Structure formats: C-alpha cells, structure tokens
Amino acid sequence: MRTLYISLISEFYKSRKTLAFWAAILLPVIICGLITFGFYSGSEKILAFHYPPMVLWAQYSGAALGVMGLLIMPFYVIFMAFSVNNIEHKNDTWKMLFAQPLNKFSIYAAKYLYAVFLIFTCLFLFASLTFAFGHLLQVLVPKYNFDHYNPLNLLINAYVKLFLSSLGILSLQFILSLLWADFLKPMGIGFVGTIMGIITANVGWKYAYLIPYSLPTLALRIAKVKKGTDPLDFPIFTQEIWTSLIYAAILFIIGYFIVTKKSIK
C-alpha cells in the first residue's frame, strides 16, 4: 500500500500542470456555467412551458449529461489515458520508472487509478455544480421551481452510471497508449471507435453493448422503472455497466503484462 501511495503522489506531481488534469476541473465549470447562463437568459421561454419540478430538473441536468455523455466524455477519457502514459513516453523514462525500488504492480496500478481519479473528479464536479447552479438559478429566477424537487437520486445515478460506463473505454485506451507513443494512433482508434459506438447505440443495434465506446451513450438511457416510482430514479447496474466493468477488469490485467514487458526493453 505504501508503494501504491507513493506512486499515486508521483503521478499527481508529474501531471498537475497538464491539460488532462486541468480539463477535469475546467470542463464541468465551463459547461455547467454555460448551461446555467442559458437557463438564466432564456428563463421567459422556459417558464412558458410550465414544466413541473421533476421535468425542469431533467431538462437542466440532461443538457450537461447529453453533451458530456455523448461526445465530450469519450474523447476526454481517450485524451486523458494518452496523457497519463505520454509523460513516460515523451521523457523516455519507462526504464527509470521501473528501476525504482517500488513494486511494479503498484507503479502500474497507480497510473491506472490516477486516470480513474481524474474521471471521478470531473464527473463529481459535474454533479455538484449541476446541483449548486440549479439552486442558484432558483435564487436568480424565483419563478423557477427547482426547490420543489430533490434531484440527488437523478444526479447520483446518472453520473455513477456515466463513470462506470467510461471504465471500459479507459482500460482499452490505456493499453493503446502503452503500445504506441505517438498521439495519432490511440487517438485515431478512439475517434473511430467513439463514432461507431454512438451510431450503433443510437440505431438500437442489439450487440452495441459489446462496443466499449457505445457504453456511455447506452448508460444514459433511462431504463424502465416500477409503476408508481420516480421515473428518474433508474437502476445503476444495467447490462452496459456490467459489460464495462468486465472489460475494465480484463484489460487492466492485460495492460499490466504489457507494461512489465516494456520495462525490461
């Protein structure tokens, strides 16, 4: 555990000035801020629809979830997985990294867990800012009825699903960024995979859940709930989530063997 902790701290100091690190913070602030401004400036048009509180929260939070889940999230994960490993590729420090008196598995696991931490931080900020800015809108536009519904179940379930569904993409892209030091190959494969995943998910192909890149899109679909319950209180562990976790576990193990071979070149 001590070597894992040391390796995690090392990853933080190496990447704290990178775009991948700051994107985890800036993306939620910018996107949630723009959506909030849109709801504030267009309040008259929105109020004319007379949305009930639950629907209003669904519209407001769905704006960020749609942008993040369908497009930004897959590409952020792809870029971030590359960025975490590119630090070693760029400086040619793989041999130096594994020459340290630290457990090899801890070094590899720290890199992977740090990438997971960045995704978690990004999505946690999205959920927190959506909740906070929604109540700020209530103060700025008192005619809104955000305060008549508690959106925590919606936000927690949606962002936990988005987080878990991204782990399959992360694990695959993590391996690709270990195999290739250049930017174009892992990013190119990730770009094609994301487009293919979005298309197959949206056309309803029954095997779309087997494509890691389609899982965030599938995860954000509201599943059927029991009659008489909150329609926004949907289950978390659905088929696409289990698929993502299985991909993550298998690819994590494969990635470890790849990186240990790299260390002895």
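Only the coordinates and a few stated rules stand behind these numbers; no lab work does. Since the structure is predicted, the reported quantities are computational estimates derived from the model, not experimental observations. Cβ: placed from backbone, ideal geometry, glycine included. Neighbour counts: every protein chain shown.
Per-peptide packing, taken as the mean over residues of other Cβ atoms within 10 Å, places 18-24, 208-214 in the sequence 208-214, 18-24 from highest down.
What is the magnitude of the charge dipole of the chain about its Cα centre, with +1 placed on the Cβ of each Lys and Arg, -1 on the Cβ of each Asp and Glu, and no other charges, expressed in debye to the nearest 20?
Values: 20 positive and 9 negative charges, 133 e Å.
Once rounded to the nearest 20, the dipole reads 640 debye.
Rounded to 0.05, the FRET efficiency of the Ile30 and Met196 pair, given R0 = 22 Å and the Cβ-Cβ distance, is 0.20.
Sorted largest first, the spans of the alpha carbon positions of the chain along the three principal axes are 66, 40, 34 Å. In the elastic network of the chain, a GNM with C-alpha springs shorter than 10 Å, the most mobile of Lys111, Lys161, Lys45 is Lys45.
Annotation: extensible slack from Leu71 through Leu245 equals 60.6 nm (criterion: 0.36 nm per residue apart, minus Cα-Cα distance). Axis of helix 73-91 versus longest Cα principal axis of the chain: the two differ by about 20°, to the nearest ten degrees.
Efficiency by 1/(1 + (r/R0)^6): what FRET value for Ile189 and Thr18, r their Cβ-Cβ distance, R0 = 25 Å, to the nearest 0.05? Step by step, r from the Cβ atoms, then E = 0.70.
Taking the 0 to 90 degree range and rounding to the nearest ten, how far is the long axis of helix 152-179 tilted relative to the main principal axis of the chain, both from C-alpha atoms? That helix lies at roughly 30 degrees to the long axis.
A simple spin-label model places pseudo-atoms 7 Å from Cα toward Cβ; at Phe237 and Asp182 they are separated by 4.3 nm.
One decimal place: the segment Arg2-Arg221 gains 74.8 nm when fully extended, by the rule 0.36 nm per residue minus the C-alpha distance.
Calculated mean residue ellipticity at 222 nm for the chain: -25000 deg cm²/dmol, from DSSP H runs with n ≥ 4 weighted as -39500 (n - 2.57), summed, divided by the residue count and rounded to 500.
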